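In what follows, a single structure is set out as structure tokens and then discussed.
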Amino acid sequence: MGGPAEYSRGTPMTRIQFISLGAALALLSAPPIGAAVIDFEDRAAANDSQTLIRDEYAEAGVTFVPTDDGATWDGIGAADRGGWQISGSNGPTFLGFDGQSYSTSLRFDEPVQGFELDVARAAGASPFPFDYFQATGFLDGAIVDSKAVYFAGVDIWQTVSLTGTIDKVIWFGIGLRGHRYGVDNLRWGNLAPQLLAVQIDVRPDSEQNPIQLGSRGVVPVVLYGEVDFAVEDVDVTTLAFGPDAAPIAHRNGPHYDDIDGDGLLDMVLHHRIADTGLTAYDVEVCLIGQTVDGMSFEGCDDVMPVGR
């Protein structure tokens, strides 16, 4: 297909970037009603690496079992005594790990359903591209779920989610010596699935995006890559377009190109119009899917159905 000059994005939708801004992350990952949360904002930051958190949340049925890490810090401004330069994902206070083991465990008095936390690299950590954070959930000593993310830049928060019923969580950071990171906004029970907002463009050669109802043809859709969303990580088998969740039309799947010229790969898809379920009353259509690590996403664009 043609180069970037032949395409222009439609009106961009509002995008929540779940690892780019702490405030946006808080909106995206805020626990629903009925979920429990520890954001460490109810206690003054110790700002002392020897004051490890242990039984401070026993009333919530949670006990921390630290090794040589895990004190609360306030990492921005004059209070940044540890030189962390991170702000926390849900308020300024976070749990900091800067010792030698970079790990802790969290034990629940009773099993809980689902668990999430936010994590970010801190200043002073070596910017090694392959260091990562891993959290593992257990029930009665058996592994229920385990997830890992590669650390991004300083103060770029990422969410790690565990599914299933668990009574213990162990997390740790793996990387070069000098690795430092923060953990914040722990939440569990009655958790809604994470949903990342992404940008798409239906019929990128058109501003009005007309869809000929009853057509046997296909409609092109561009899924745009972002700094915090790589289209190469999308599980293409999960892509579904329109009310009837139309899959990708072509057997050889999507292809990749930098459609908007921003230096990031975009994904170009085609879906059969007859499979979309669009009607004359639809003014917007959405593409949903998941990344290979289980993050759900959705992107929507305006359309103008014509014909029937």
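Rundown of residues vs (1) part of a loop (DSSP other than H, G, I, E, B); (2) of a type outside the set (D, E, K, R); (3) touching a residue at least 60 places away in the same chain (Cβ under 8 Å), yes/no style:
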| site | (1), (2), (3) |
| --- | --- |
| ASP235 | no, no, no |
| PRO243 | yes, yes, no |
| ALA249 | yes, yes, no |
| ASN252 | yes, yes, no |
| HIS270 | no, yes, no |
| ALA280 | yes, yes, yes |
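In this structure, does SER89 turn out to be in a loop (DSSP other than H, G, I, E, B) and within 18 Å of TRP188 (Cβ to Cβ)? Give the derivation first.
Numbers: in a loop (DSSP other than H, G, I, E, B): yes; within 18 Å of TRP188 (Cβ to Cβ): yes.
Answer is yes for this residue.
If you go through segment 92-101 one residue at a time, do you hit one that is surrounded by 16 or more Cβ atoms within 10 Å (Cβ to Cβ) and polar (S, T, N, Q)? Talk me through it step by step, then tell me what you get.
Residues of segment 92-101 that are surrounded by 16 or more Cβ atoms within 10 Å (Cβ to Cβ), as a first pass: 92-99.
Next, only the ones that are polar (S, T, N, Q) stay: 93.
Scanning segment 92-101, I find at least one residue that is surrounded by 16 or more Cβ atoms within 10 Å (Cβ to Cβ) and polar (S, T, N, Q), so the answer is yes.
Picking from VAL149, VAL119, which residue would you name as being at pLDDT below 90, under 24 Å from GLY294 (Cα atoms) and either in a strand (DSSP E or B) or assigned by TED's automatic domain parsing to the domain that holds ALA58 (or both)?
Details: VAL119 fails: at pLDDT below 90.
That would be VAL149, the only listed residue that is at pLDDT below 90, under 24 Å from GLY294 (Cα atoms) and either in a strand (DSSP E or B) or assigned by TED's automatic domain parsing to the domain that holds ALA58 (or both).
Checking the structure you have, find out if any residue of segment 198-209 is in contact (Cβ under 8 Å) with a residue 24 or more places away in the chain, over 19 Å from PRO305 (Cβ atoms) and buried (at least 18 other Cβ atoms within 10 Å of the Cβ).
Within segment 198-209 (the criterion being in contact (Cβ under 8 Å) with a residue 24 or more places away in the chain, over 19 Å from PRO305 (Cβ atoms) and buried (at least 18 other Cβ atoms within 10 Å of the Cβ)), the answer is yes, since at least one residue qualifies.
Please go through segment 41-61 and give me each residue that is of a type in the set (Gly, Ala, Ser) and either in contact with a Cys (Cβ under 9 Å, 6 or more places away or on another chain) or in a loop (DSSP other than H, G, I, E, B) (or both), ordered by number.
Our first condition is that a residue be of a type in the set (Gly, Ala, Ser); within segment 41-61, this holds for 44-46, 49, 58, 60-61.
Selection gives ALA44, ALA45, ALA46, SER49, GLY61.
Which one is modelled with the highest pLDDT, of the residues in segment 183-197 that are outside any strand (DSSP E or B) and either in contact with a helix residue (DSSP H, G or I) (Cβ under 6 Å, 6 or more places away or on another chain) or surrounded by fewer than 21 Cβ atoms within 10 Å (Cβ to Cβ) (or both)? Walk me through how you get there before you give the answer.
Kept after step one, since they are outside any strand (DSSP E or B), are these residues of segment 183-197: 189-194.
Next, only the ones that are either in contact with a helix residue (DSSP H, G or I) (Cβ under 6 Å, 6 or more places away or on another chain) or surrounded by fewer than 21 Cβ atoms within 10 Å (Cβ to Cβ) (or both) stay: 189-190, 192-194.
On the way: GLY189: 84, ASN190: 68, ALA192: 60, PRO193: 59, GLN194: 63.
Across segment 183-197, the extreme among qualifying residues is GLY189.
Restrict the check to segment 160-182 and report whether at least one residue is assigned to a loop (DSSP other than H, G, I, E, B), β-branched (Val, Ile, Thr) and modelled with pLDDT under 90.
Within segment 160-182, the subset assigned to a loop (DSSP other than H, G, I, E, B) is 175-180.
After this cut, where a residue has to be β-branched (Val, Ile, Thr) as well, the list is none.
Within segment 160-182 (the criterion being assigned to a loop (DSSP other than H, G, I, E, B), β-branched (Val, Ile, Thr) and modelled with pLDDT under 90), the answer is no, since none of the residues qualifies.
Looking at VAL292 and the list (1) on the phi > 0 side of the Ramachandran plot; (2) under 23 Å from the mean Cα position of the chain (by Cα); (3) at pLDDT below 90, which single condition is not satisfied?
Just one mismatch for VAL292, condition (1).
Could you list, ordered by first residue, the pairs with Cβ atoms under 9 Å in which the first is in segment 54-78 and within 21 Å of ARG121 (Cα to Cα) and the second is in a helix (DSSP H, G or I) and of a type in the set (Gly, Ala, Ser), at least 6 apart or interchain?
Hits for this filter: TRP73/ALA79.
The values are calculated or read from the model by the stated rules, or taken from the named source; none is laboratory data. Keep in mind that this is a model prediction, so the values were computed, not measured. Methodologically, a virtual Cβ is constructed for each residue, glycine included, from the backbone with ideal geometry; neighbour enumeration extends over all protein chains shown.
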